[in-house]
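*Asks:* I have a structure I would like to understand better, so I am pasting it below and will then ask my questions one at a time.
The values are calculated or read from the model by the stated rules, or taken from the named source; none is laboratory data. The model shown is predicted, which means the values in this text are computed figures rather than measured ones. We place every Cβ from the backbone using ideal geometry, glycine too, and count neighbours over all the protein chains shown. Accessible surface areas use protein heavy atoms only, side chains included; no ligands, DNA or RNA. Shrake-Rupley method; radii C 1.70, N 1.55, O 1.52, S 1.80 Å.
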Amino acid sequence: MNLEELKQSALTCVACGLSQRRTNVVFGEGDPRSPLVLIGEGPGDTEDKMGRPFVGRAGQLLDKAIVEAGLQRSQVYIMNTVKCRAADWSTGKPVNRAPTEDEVQACRRWLEPQVLLLKPFVILCVGAPSAKNLIKKNFQITKERGMYFPCEFARTAIATLHPAYILRQMNISGDGGYSLLVADIARAWAAAVALRDKANNSGHHPPP
């Protein structure tokens, strides 16, 4: 199965309750041959409406950071660990919430083959939930952000602050950690390119 076939299968997924209220499955987008893949937690309201990852306010800040890191969004691949919006509908108006463990596990049927097909050299986990999903369960974003870790889906993984968190912090003090996000993207890209070039020169490629 190739990436497009996997996407078409994911678009009709009913493996968990999130499928009942979603507008769109948000599969992922970008350059599937990129050495760097950015992975967030899950789509919000704007992403659910548009069927694209990171296109709301947080996504716009991520785009700005990508450009400041010397890249274009089209040079990387962007996705989430969970493909449908998780929201609390108890008041009748949806409010974003973290996916439950059951929802996270249900979506691994798409997450794992997607990343294995992309074969990234480096994964940049955007936010703590993604890092806990892909790096280690007890990941501490304040202490371990920007550090390289082993990862079963890439040569290495690194985590950065989520732009939604940065937006909240900006209202409290300074840049809210925005400069750290820019630096982490630049470092992750540099590492991914170096690993890709090394593999190309040696004839070795990441395992399928």
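*Asks:* Filter the chymotrypsin sites (Phe, Trp or Tyr not before Pro) in region 46-106 down to the DSSP loop ones having no more than 12 other Cβ atoms within 10 Å, then list what survives.
*Replies:* The qualifying sites are Trp89.
*Asks:* List the trypsin sites (Lys or Arg not before Pro) in region 120-208 that DSSP assigns to loop (not H, G, I, E or B) and whose Cβ has at most 11 other Cβ atoms within 10 Å. Which are they?
*Replies:* Answer by residue number: Lys137.
*Asks:* Right, next: Size of the dipole of the chain about the Cα centre, Lys and Arg at +1 and Asp and Glu at -1 on the beta carbon, nothing else charged, in debye to 20? Each step should come with its number before you reach the end.
*Replies:* Numbers: 26 positive and 20 negative charges, 26 e Å.
It comes to approximately 120 debye.
*Asks:* Something else now. Work the Kirkwood hydrodynamic radius out for the chain: mean of 1/r over every pair of different alpha-carbon atoms, inverted, in Å.
*Replies:* Over the chain, the inverse of the mean reciprocal pair distance is 17.2 Å.
*Asks:* In square angstrom, what is the accessible area per residue of the chain with a 1.4 angstrom probe?
*Replies:* Accessible area per residue, the chain: 49 Å².
*Asks:* Right, next: Run the reach check for Lys132 against aspartates and glutamates, Cα to Cα strictly under 14 Å, same-chain hits fewer than 8 apart removed. What comes back?
*Replies:* Result set, ordered by chain and number: Glu41, Glu101, Glu144, Glu152.
*Asks:* For the chain, give the percent of accessible area contributed by carbon and sulfur heavy atoms, probe 1.4 Å, rounded to a whole number.
*Replies:* Exposed carbon and sulfur together represent 52 percent of the surface.
*Asks:* Can you list the residues, at least 5 places off or on another chain, whose amide H is less than 5 Å from the amide H of Cys151, using H built in the peptide plane?
*Replies:* Residues meeting the criterion, in which the H sits 1.01 Å from N, are Ala157.
*Asks:* Taking the DSSP beta bridges in the chain as the whole, what percent of them are antiparallel, to the nearest 5?
*Replies:* Percent antiparallel among DSSP bridges in the chain is about 30.
*Asks:* Moving to a separate point now. In whole Hz, with x marking every Gly and Pro, tabulate ³J(HN,Hα) for region 38-55 from phi via Karplus 6.51 cos²θ - 1.76 cosθ + 1.60, θ = phi - 60°.
*Replies:* 9, 10, x, 7, x, x, x, 4, 5, 5, 4, 5, 9, x, 10, x, 6, 10
*Asks:* Would you kindly state how much longer the chain becomes between Asp175 and Tyr148 on full extension, computed as 0.36 nm times their sequence separation minus their alpha carbon distance, in nm to one decimal?
*Replies:* Working: separation 27, 0.36 × 27 = 9.72 nm, distance 2.38 nm.
Contour length minus the Cα-Cα distance gives 7.3 nm.
*Asks:* Hey, another quick one. So, in Å, what gap is there between the alpha-carbon centers of region 27-72 and region 89-139?
*Replies:* Each part's Cα centre sits 14 Å from the other's.
*Asks:* What does the helix-only formula give at 222 nm for the chain: each DSSP H stretch with n ≥ 4 adding -39500 (n - 2.57), the total divided by the residues, and the result rounded to the nearest 500 deg cm²/dmol?
*Replies:* Result for the chain: -13000 deg cm²/dmol, rounded to the nearest 500.
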